[in-house]
Amino acid sequence: AQLVESGGGLVQAGGSLRLSCAASGRTFSNYSMGWFRQSPGKEREFVAAINWNGARISYADSVKGQFTISRDNAKNTGNLEMNNLKPEDTAVYYCVLGGTFWRRAPGDWGSWGQGTQVTVSS
């Protein structure tokens, strides 16, 4: 599958961003999708995931109540709404497809986008 993220950018602390992921090449609606992020000098970490029909969702504790994941199978897109952003949310955010929504290891997810940079200034 090909995954293309968009929506990253520079935002002040307390602001919001909405990331989008456009998928092609696989039947998007058959698979769970999710988001990971990686900050400089840190390992890639799980952010959120959603199962194929949107009925089941998993969040990292660090973003619970702050981020909202969603998907639109008719448009082959997934979204990550990020609110009340903090400098520690600064990272490259990656869209993933093909894993199981509750699995949090990068190796559990087969398809990755190229990433989109999110920078939160204090």
Signed unit charges on C-beta, dipole axis of the chain, positive-most listed residue A55, Y94, N79: A55
Spatially proximal aspartates and glutamates relative to K42 (Cα-Cα < 18 Å; intrachain offsets below 8 disregarded): D61, E88, D89
Extended-chain gain in nm, criterion 0.36 nm per residue less alpha-carbon gap, N83 and S16: 23.7 nm
In sequence order, calculated HN-Hα J values of the stretch 48-55 (Karplus, 6.51, -1.76, 1.60; Hz; x Gly/Pro): 6, 8, 9, 7, 4, 10, x, 7
Distant-in-sequence amide H partners of T90 (H built 1.01 Å from N, under 5 Å): V120
Residues with amide H under 5 Å from that of V47, placed H, sequence gap 5 or more: W35, F36, R37
Nearby lysines by direct alpha-carbon distance to K64 (threshold 19 angstrom, same-chain neighbours under 8 apart not counted): K86
Percent accessible area from carbon and sulfur atoms, the chain, protein chains only, probe 1.4 Å: 46 percent
S39 paired with A105, simple spin-label distance in nm, labels 7 Å along Cα-to-beta-carbon: 2.4 nm
Note, ³J(HN,Hα) from phi for the stretch 86-96, Karplus 6.51, -1.76, 1.60, rounded to Hz, x at Gly and Pro: 10, x, 6, 7, 4, 4, 8, 9, 10, 8, 9
Per-selection Rg to Rh, the stretch 1-44 - Cα, Kirkwood hydrodynamic radius: 1.05
Backbone HN-Hα couplings from phi across the stretch 113-122 [Karplus 6.51/-1.76/1.60, Hz, Gly and Pro as x]: x, 7, x, 9, 7, 10, 10, 10, 8, 8
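The values are calculated or read from the model by the stated rules, or taken from the named source; none is laboratory data. Given the structure is predicted, the values throughout are model-derived calculations rather than measurements. Cβ atoms come from the backbone with ideal geometry, glycine included; neighbour counts cover every protein chain shown. Just the protein is used for accessible areas: all its heavy atoms, side chains included, with ligands, DNA and RNA removed. Shrake-Rupley method; radii C 1.70, N 1.55, O 1.52, S 1.80 Å.
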